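The values are calculated or read from the model by the stated rules, or taken from the named source; none is laboratory data. Just so it is clear, the structure is predicted and the values come from calculations on it, not from any experiment. Positions of Cβ are backbone-derived with ideal geometry, glycine not excepted, and every protein chain shown enters the neighbour counts. Note: accessible area is taken over every heavy atom of the protein model, side chains too, but ligands, DNA and RNA are not part of it. Shrake-Rupley method; radii C 1.70, N 1.55, O 1.52, S 1.80 Å.
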Amino acid sequence: MRLVVDTNVLVSGLLTPFGAPGIVAGLIAGGRLQLCYDPRILAEYDEVLHRPSFGFEEEDVASFLAQVRAQGELVVPMPLSIGLPHVDDEPFLEVAGAAMVKFLVTGNLRHFPEGGWKSTRMVSPRQFLEQFDDAR
């Protein structure tokens, strides 16, 4: 299944692998979920995962990003016709709209349009997992 995943879900999932974000990260690492991304999203993943405060090993970050590049889908984003409260969230919604994914998984639902955008629903990691089997 193709989807867009906000950086906060990946960080949370890698820090706490047994919660809902961790399960989502595990499904990505296991190849069951395919991330859709653009260069801005990949750059944000790279920058955030390299922050010393998280303590991720360089080799692990490099391996994860290589997997995203190899198994993910590079998407040409579509500009939004709406504004979001946080400009940094716009690439995620732009890619979701262009890729026509069913889900954008985020820990910050309040940053995105309530009710979804185009064919994409914004869901928390837990909400996504509750619908994952039905979503395929």
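Test of understanding: in a Gaussian network model of the chain with alpha carbons linked when under 10 Å, which of Phe64, Phe112, Phe54 would top the mean-square fluctuation ranking? Among Phe64, Phe112, Phe54, the largest mean-square fluctuation in the Gaussian network model of the chain belongs to Phe54.
Atom-type composition of the exposed protein surface of the chain places 54 percent of the accessible area on carbon and sulfur (1.4 angstrom probe). Volume per residue for segment 15-80 equals 107 cubic angstrom (convex hull of Cα atoms). Of Met122, Met78, Met100, the residue with the largest accessible area leads and the full order is Met100, Met78, Met122 (1.4 Å probe). With the helix formula -39500 (n - 2.57) applied to DSSP H stretches of n ≥ 4, the chain reaches a computed 222 nm mean residue ellipticity of -14500 deg cm²/dmol. The long axis of helix 125-135 is offset from the longest Cα principal axis of the chain by roughly 70 degrees. From largest to smallest, the equivalent ellipsoid semi-axes obtained for the chain from the alpha-carbon gyration tensor read 21, 17, 14 Å.
Would you mind working out the accessible area per residue for the chain, using a 1.4 Å probe, and quoting it in Å²? The answer is 52 Å² per residue. Figure note: Glu58, Glu73 ranked by solvent-accessible area, largest first, 1.4 Å probe, ligands and nucleic acids not counted: Glu58, Glu73. Against the chain, whose longest principal axis is taken from its Cα atoms, helix 20-29 shows a tilt of about 80°.
Of Leu109, Leu27, the order by accessible heavy-atom surface (1.4 Å probe, DNA, RNA and ligands excluded), from most exposed downward, is Leu109, Leu27. Taking 0.36 nm per residue of sequence separation and removing the Cα-Cα distance, the His50/Met1 pair yields an extension gain of 14.9 nm. Fully extending the segment from Glu59 to Gln131 would add 22.7 nm, taking 0.36 nm per residue of separation and subtracting the current Cα-Cα distance. Computed from Cα positions, the angle between helix 39-49 and the longest principal axis of the chain comes to roughly 40 degrees. Peptides 8-17, 87-96 ranked from most to least packed by the mean count of surrounding Cβ atoms within 10 Å: 87-96, 8-17.
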